[in-house]
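A quick write-up on the structure given underneath.
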Amino acid sequence: MFDGDRVSFGITPTGWTNDDFPQIGNDIAFEQCVSEMALAGFEGCSVGHKFPADPKEVRRALELRGLRVSEPWSSTYFTAPGMRERTLRMFREQMDFMRAVGGKEIVVAELARAVHQQPVALRANKPVFDDAEWELLLTGLNQIGEMAAADGMRVCYHHHMGTGVQTRREVDRLLAGTDPAHLHLLLDTGHLAWSGDDPL
């Protein structure tokens with residue numbers, strides 16, 4: 001159905017151990033998770049909280065099962081006061097990790113004031129960025145996109161429920177304000193449908 005040189009099928013370990021709600025599936029070991037991914041026919045996966053911190057150990061476990069890291073997650077906090085430099089430092093660390101495990105893509109999402117892990121109604125309490133916050137976010141995303149491209153990597157933005165980039169309108173504003181050569185979209189049809197938008 002797809003060109004295997006251009007499209008590969010991966011899955012998030014959230015299906016086994018949930019990163020947003022760690023108590024869900026917390027009894028499932030890393031080895032079980034990646035073994036079942038391979039047995040189900042997936043070719044890659046993102047990195048979850050049960051994965052080893054040592055990238056050599058991650059790479060060894062995945063290569064044993066014919067898997068690769070398709071992308072790790074890197075949270076950004078560009079709209080939070082005083083967090084720009086720390087966000088850049090965390091992103092550099094993720095690039096180092098990604099290089100060590102042999103991957104080329106990093107997924108990011110702005111989590112400043114995010115409520116998706118809080119016991120509150122997500123739609124009613126999600127952050128809404130003002131123009132100044134949008135400028136901070138877009139400038140920061142363009143910067144990390146350039147950093148990644150210079151290192152042979154690609155940044156993909158994930159719009160996430162309970163965050164400041166959740167709806168189709170917010171996704172459109174993000175795409176309009178960033179360089180398409182350096183920032184790509186991780187289209188999540190489930191999150192868009194949940195937000196009330198039509199993913200098609």
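Report whether or not Met37 is at pLDDT 90 or above, under 26 Å from Leu137 (Cβ atoms) and either touching a strand residue (DSSP E or B) at 6+ places or on another chain (Cβ under 8 Å) or open to solvent by 50 Å² or more (accessible area, probe 1.4 Å) (or both). So Met37 does not fit the description; no. Within segment 125-138, being surrounded by 17 or more Cβ atoms within 10 Å (Cβ to Cβ), over 30 Å from Ile24 (Cα atoms) and not aliphatic (A, V, I, L, M) holds for Phe129, Glu133, Trp134. Exactly one residue out of Asp179, Asp188 is surrounded by fewer than 20 Cβ atoms within 10 Å (Cβ to Cβ), modelled with pLDDT under 95 and among the acidic types (Asp, Glu), and it is Asp188.
Conditions (1) surrounded by fewer than 20 Cβ atoms within 10 Å (Cβ to Cβ); (2) modelled with pLDDT of 95 or more; (3) on the phi > 0 side of the Ramachandran plot, marked per residue:
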{"position": "Ser74", "(1), (2), (3)": "no, no, no"}
{"position": "Gly102", "(1), (2), (3)": "yes, no, yes"}
{"position": "Arg123", "(1), (2), (3)": "yes, no, no"}
{"position": "Gly140", "(1), (2), (3)": "no, yes, no"}
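For the residues Pro52, Pro13, the requirement of being farther than 30 Å from Thr139 by Cα and within 15 Å of the chain's Cα centre (by Cα) singles out Pro13.
The criterion of at least 2 residues that are among the hydroxyl-bearing types (Ser, Thr, Tyr) is met, among strands (runs of 3 or more DSSP E) falling completely within segment 22-103, by 73-76. Within segment 14-31, the residues that satisfy the criterion of being surrounded by 14 or more Cβ atoms within 10 Å (Cβ to Cβ) and either of a type outside the set (Phe, Trp, Tyr) or farther than 20 Å from Met98 by Cα (or both) are Thr14, Gly15, Trp16, Thr17, Asn18, Asp19, Gly25, Ile28. Residue-level analysis places Phe2 outside the set of residues that are open to solvent by 30 Å² or more (accessible area, probe 1.4 Å), farther than 29 Å from Glu146 by Cβ and touching a strand residue (DSSP E or B) at 6+ places or on another chain (Cβ under 7 Å). Close Cβ contacts (under 8 Å, 6 or more residues apart or on different chains) running from residues in segment 179-200 that are closer than 30 Å to Gly152 by Cβ and in a strand (DSSP E or B) to residues that are open to solvent by less than 50 Å² (accessible area, probe 1.4 Å) and hydroxyl-bearing (Ser, Thr, Tyr) comprise Leu183/Tyr157; His184/Tyr157; Leu185/Tyr157; Leu186/Tyr157. Within the option set Leu174, Leu141, Leu136, being touching a residue at least 12 places away in the same chain (Cβ under 8 Å), under 18 Å from Pro72 (Cβ atoms), of a type in the set (A, V, I, L, M, F, W, C) and not in a loop (DSSP other than H, G, I, E, B) holds for one residue only, Leu141. Restricting attention to segment 41-63, the residues that are of a type outside the set (A, V, I, L, M), touching a residue at least 24 places away in the same chain (Cβ under 8 Å) and closer than 13 Å to Met98 by Cα add up to 5. Scanning segment 55-71 for residues that are closer than 14 Å to Phe30 by Cβ and not charged (D, E, K, R) gives Pro55, Val58, Ala61, Leu62, Leu64, Leu67, Val69.
Residues in segment 48-61 that are out of contact with any Ser or Thr (no Cβ under 9 Å at 6 or more places or on another chain) and surrounded by 21 or more Cβ atoms within 10 Å (Cβ to Cβ): Phe51, Val58.
Considering (1) surrounded by 15 or more Cβ atoms within 10 Å (Cβ to Cβ); (2) within 22 Å of Ser46 (Cα to Cα), the lone condition that Gly152 does not fulfil carries the number (1).
The values are calculated or read from the model by the stated rules, or taken from the named source; none is laboratory data. Keep in mind it's a predicted model, so treat the numbers as computed, not measured. In this analysis, Cβ positions are derived from the backbone assuming ideal geometry, glycine residues included, and neighbour counts consider all displayed protein chains. In case anyone asks, the SASA skips ligands and DNA or RNA and just uses the protein heavy atoms, side chains included. Shrake-Rupley method; radii C 1.70, N 1.55, O 1.52, S 1.80 Å.
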